[in-house]
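Read through the structure below, which is laid out as structure tokens, and then see the notes.
Each reported figure results from applying straightforward, stated rules to the coordinates on display, with no laboratory input. All values reported here derive from a predicted model rather than from experimental measurement. Every residue, glycine among them, receives a Cβ derived from its backbone with ideal geometry; neighbour counts consider all protein chains shown.
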Amino acid sequence: MSDYLIIGGGINGLLLTRELASAGADVILIDKGEFGREASWAGGGIVSPLYPWRYTPAITALASWAQAFYPQLALALIEESGIDPELQVSGLLMLAAEDAEEALRWAALNKRNMEKVDASYLSRREAGLAPGFDSALWMPDVANVRNPRLIKALVRSLDKRSNVSLKSHTELIGFCCRENRIIGSKLQSGHQETQLKANAVVICAGAWSAEVLKNLSGPLKIEPVKGQMLLFKFKQQPIASILLHGGRYLIPRRDGHMLIGSTLEYRGFDKSPTPAAKQSLLDSAYKILPMLKRHKPVAQWSGLRPAAPEGIPFIGKLEGFENLYINAGQFRNGLVLAPASARLLADELLGGTPILDPRPYRPGARTNEASSV
Ligand SMILES: Cc1cc2nc3c(=O)[nH]c(=O)nc-3n(C[C@H](O)[C@H](O)[C@H](O)COP(=O)(O)OP(=O)(O)OC[C@H]3O[C@@H](n4cnc5c(N)ncnc54)[C@H](O)[C@@H]3O)c2cc1C
């Protein structure tokens, strides 16, 4: 019998597997599709919440820990897998943010590097920026990571470990319970059904987590929120920093790609990209960088964010169960929060001192929360 069965191989499941396996545990990680091809692939890879001061301290605490950890994670993955996740500190320019005073107060309190910059700074830093932006908030330390490469690096590194078993195209379809214990997990792979036993089961199924648990636990609220993205490709990258305006952003990748994101759509599990979203993203992007009008996007895609109330993930043991845990619901910030979410749950599972106060994320205390996100 394995120590842990982890359901869902997005960024949260992969990083939790890494944490547990590094501590010597035997881990089985399953995914109903390919590893990391859902929200974790679709995301923009900004290693910061957008407008970070608008989030609760629970999000800031996870983000702070994870942002400090990202550089060492990237370096370790390059060494272990030979794949560079291309973590780059591009900085984040928040153009015409209305609540600048509140933002600066938050930055001072949380010891974040943030300053207000004027039009002449903007024209020096970003020559292609549309005219009319008089000021911005500049966070020079914010990085972006090429998340599909991060996923590939994690999968390759985990694949090399003898105490990890990776099973793609394997779906959890039910549980066998005895009193308050999960004694078996029913899995389906193609037409084959099997039952697997593990000492503990962890749900990291992103936007599908509430579905997976619907016959088992209380009203745990995690809903899918669709986000659509566009991709441009340039011989020479036209922007130096991540540019954010009105909730929409442009992300520069090292190799000349530029991502434009993203929409927020409450449409259940429908993931299809739409022409209306494409136009809306283009309109927003042209207002930031007019030269884009002369180019065509090379790709469009979408993903389903796992939205827990206020975007505060559920991390910990599920109420009423001895050996069933969850790490899901990071909403718009799953890539930045993932290293801290995984470590926090690993601390609980392995009996370590928690990296930060686990109480705000405990599922038990939050099952009856309002559903607003
Ligand atoms: C357009 C967009 C832009 C984003 N930009 C950013 C950003 O810039 N920065 C940031 O921090 N975050 C961003 N996010 C959010 C981030 O991508 C997500 O919060 C994060 O990827 C969630 O990771 P996850 O592992 O919980 O979920 P997922 O990556 O969705 O993984 C869940 C996995 O569970 C599997 N699964 C589901 N049900 C089952 C089952 N029954 N059996 C087996 N497997 C199952 C799925 O196949 C999937 O692979 C963005 C998201 C989107 C959509």
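Quick rundown of the values:
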read-out	value
Kirkwood Rh (inverse of mean 1/r, distinct Cα pairs), segment 118-232, angstrom	19.4
Sequence-separation-based contact order of the chain, relative, with Cα cut under 8 Å and 6+ spacing, percent	23
Length released on extending from residue 79 to residue 359, taking residue separation times 0.36 nm less the Cα-Cα span	97.3 nm
Using alpha-carbon coordinates, inclination of helix 275-288 to the longest axis of the chain, degrees	50
Amide H within-cut-off set for residue 184, under 5 Å, with H built and near neighbours excluded	176
Amide N of segment 275-302 lying under 20 Å from the label point, which is placed 7 angstrom from the Cα of residue 231 along Cα→Cβ	275-283, 285-286, 292-302
Where labels lie 7 Å past Cα in the beta-carbon direction, separation of residue 120 and residue 293 in nm	2.9
Sequence-distant residues sharing a close amide H with residue 165 (under 5 Å, placed H)	27, 28, 29
Alpha carbon centroid spacing (whole Å) that separates segment 182-255 from segment 68-97	19
Folded to 0 to 90 degrees: helix 11-22 orientation relative to the chain principal axis, Cα	60
Viscosity 1.002 mPa s, temperature 20 °C, Stokes-Einstein D of segment 126-165 from Kirkwood C-alpha radius, µm²/s	150
All lysines inside 16 Å of residue 160 as judged from Cα atoms, apart from same-chain residues fewer than 8 positions distant	152
17 Å tail of the calculated P(r), segment 20-73, as % of Cα pairs	61
Separation between Cα centres of segment 297-315 and segment 10-32, rounded to whole Å	21
The chain: calculated mean residue ellipticity at 222 nm from DSSP helix runs of at least 4, using -39500 (n - 2.57)	-9000 deg cm²/dmol
21 Å Cα-Cα reach of residue 116 towards lysines, excluding residues that sit fewer than 8 places from it in its own chain	287
Neighbourhood charge, 15 Å Cβ-Cβ cut-off, centred on residue 193 and excluding it, Lys, Arg +1 and Asp, Glu -1	+3
Folded to 0 to 90 degrees: helix 334-350 orientation relative to the chain principal axis, Cα	30
q = 0.07, 0.09, 0.12 Å⁻¹: log10 I(q)/I(0) that the Debye formula gives for the chain, counting C-alpha atoms only	-0.30, -0.50, -0.89
Total charge dipole magnitude, the chain, about the Cα centre, Cβ charges on Lys, Arg, Asp, Glu only, Debye to nearest 20	860
Against the rule of thumb 2.2 N^0.38 Å, how large the Cα Rg of segment 1-141 comes out	1.32
Point-to-point label distance, residue 37-residue 257, nm (Cα→Cβ direction, 7 Å offset)	1.6
Ordering of 201-211, 120-130 by packing [mean C-beta count within 10 Å, highest first]	201-211, 120-130
Which listed pairs, of 111/233; 214/278; 32/226; 197/271; 221/317, have C-alpha distances above 24 Å, in listed order	111/233; 214/278; 197/271
